[in-house]
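Accompanying notes for the structure given below.
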Amino acid sequence: MASQPNFIRAKPVVAPSRLPPGPNPTPQLPPKPAPAGEIRSVDWREMQDMGAMLAWDALAMWASEPNPFFESWYLLPALRGLDPDGRVRILRFEMGGDLAGIMPIVRQSRYYTRPIPHWAGWTHPNGFLGAPLVARGLERPFWRALLTWADAQGGLGLFLHLGELPLSGAVADALRDVLNEQGRNAALVGRKQHVMLQSDLSPEAYFEATVSGKKRKEYRRQANRMGELGALKFVRHEGEDDLSAWCEDFLKLEAAGWKGEAGSALACLPATTALWREALHGAAARGRLERLSMTLDGRPIAMLATFMTKPGAFMFKTAYDETLSAYSPGVLLQRENLAMLDMPGLGWVDSCADETHPMITHLWHERRPVGRVSIEIGGAVRRGLFGVMARRELGGAEFGI
């Protein structure tokens, strides 16, 4: 027979009728439920006032995963230049009245080349990541609120499409969890790898580990030959000192190369020119910008702007003098840029380029998966149409991200 458990004998409870006189005891109320998060869709122009921007900047400092392209100092100049009519909406995720998440969204009438209306996270050619800014620890409530909002939207938006979405990390893991708990179908319709720099090695040890001895010898020879042309110098800039002149030098250097000929240089359009100037000044004012230059007799021949969002960073734009291509100035600049491995508090750098990039992919060996994800929304009819469309696009592959 099993032994009986030992109990600690409690003191006898006094009957209510025998309680001593005095005030009634304070009733024990049940604990208040945690405030529910909700999504509000607002005109992005409403986010330009000082109060909204301060809350936005505070959110960026506490975001579970950084995304400089959705911070106020970058997204607002991009919208001013590329969406003057206000088609793009800002989804504000609020928890207890406080701003806890940000994502730009737009209703699209075409899905790439096909006339299929849908809701899409808003990105543009100079915005290299589509991850929402979400307060740390609130990733699942954010996705639940966003999908609830999307379900409630009327009209012809057949599904939700998120481009340039990281497929690893807290935000992606939370999205998978919420999709699973809701039994909601999603399709990974595109995938690539961002080239990353992430290592415990020193800059010199990393260079030796990733670049062959033959290549290292060639780069040294090129640096020596270019040094014969004049005085070579690397300059690392922080803050706003000489920033305006630096921005103009970069625009000229980039426009003088193949991007200028192709019409894709920042200086080719007023909107991207303004974005470049405003974003760099905004980033510098918040301590989010680092600039690296290589000069020849004081003239910039290779330049790099990086957004600092510790514990990570994002290599935004680089340009070099293409008349000096025989000396590989872009590679030599990136060789110097490996010094970021020694920066305190910096764990990784996203190149914002994929594995097809002809240069950086041979210097940095780490990778970050990024994809395009479509998610079913709405009622049975819309979800049924999504299933048909997604199965055709996937070519028989399974749903899931």
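Normalised by 2.2 N^0.38 Å, where N is the number of residues, the C-alpha radius of gyration of the range 204-248 stands at 1.65. At an R0 of 35 angstrom, the distance between the Cβ atoms of GLU218 and GLU398 translates into a FRET efficiency of 0.15.
Averaging over all projection directions, the Cα-based convex hull of the range 242-401 occupies 13.6 nm² in the image plane.
Peptide packing for 42-48, 302-308 was compared via the average number of neighbouring C-beta atoms within 10 Å per residue; ordered from the highest value, the list is 302-308, 42-48.
Three principal axis extents of the range 150-301 based on alpha-carbon atoms, in descending order, are 65, 42, 33 Å. Translational D (Stokes-Einstein, µm²/s) of the range 325-401 at 20 °C and 1.002 mPa s when Rh comes from the Kirkwood sum over C-alpha pairs? It comes out at roughly 129 µm²/s. Using all alpha carbons of the chain, what is the percent of pairwise distances in each 20 Å bin, ordered from the shortest bin to the longest? Pairs per bin, as whole percents: 23, 47, 20, 7, 2, 0.
Rolling a 1.4 Å probe over the protein heavy atoms of the range 67-186, with every protein chain left in place, gives an accessible area that is 50 percent carbon and sulfur. Between 0 and 90 degrees, the angle of helix 139-152 with respect to the longest Cα principal axis of the chain falls at about 80 degrees. Rounded to the nearest 10 degrees, what's the angle between the helix 50-62 long axis and the longest principal axis of the chain, both from Cα atoms, 0 to 90? That works out to roughly 90 degrees.
3J(HN,Hα) along the range 356-373, derived from phi through the Karplus expression 6.51 cos²θ - 1.76 cosθ + 1.60 where θ = phi - 60°, amounts to 8, 4, x, 10, 5, 5, 8, 9, 10, 10, 8, 9, 10, x, 9, x, 10, 10 Hz, with x in place of Gly and Pro. At q = 0.12, 0.16 Å⁻¹ the log10 of I(q)/I(0) for the range 285-357 amounts to -0.35, -0.61, computed by Debye summation with a single uniform scatterer per C-alpha, solvent ignored. Over the C-alpha trace of the range 215-301, radius of gyration and Dmax come out as 15.2, 42 angstrom. To test your reading of the geometry: what angle, between 0 and 90 degrees and rounded to tens, separates the Cα axis of helix 270-285 from the longest principal axis of the chain? Taking Cα atoms only, the helix is inclined about 70 degrees. Checking the cross-link pairs LYS192/LYS215; LYS259/LYS317; LYS192/LYS317 against a 23 Å limit on the alpha carbon distance flags LYS192/LYS215 as lying beyond it.
Helix content alone sets the calculated 222 nm mean residue ellipticity of the chain: runs of n ≥ 4 DSSP H residues at -39500 (n - 2.57) each, divided across all residues, give -10000 deg cm²/dmol.
A viscosity of 1.306 mPa s and a temperature of 10 °C, combined with the Kirkwood radius over Cα pairs in Stokes-Einstein, give a translational diffusion coefficient for the range 157-246 of 83 µm²/s. Ranking GLY312, LEU332, LEU296 by Cα position along the charge dipole of the range 276-347, where only Lys, Arg, Asp and Glu carry charges on their C-beta atoms, puts GLY312 farthest toward the positive end.
Annotation: aspartates and glutamates with alpha-carbon distance below 16 angstrom to LYS217 (same-chain offsets under eight excluded): GLU204, GLU208, GLU336.
The range 161-216 and the range 289-321 have Cα centres spaced 23 Å apart.
The values are calculated or read from the model by the stated rules, or taken from the named source; none is laboratory data. Just so it is clear, the model here is predicted, and its values are computed rather than measured. Because the Cβ atoms are built from the backbone with ideal geometry, glycine has one as well, and the counts that use them run over all protein chains shown. Remember, those area values only see protein heavy atoms, side chains included, never the ligands or the DNA or RNA. Shrake-Rupley method; radii C 1.70, N 1.55, O 1.52, S 1.80 Å.
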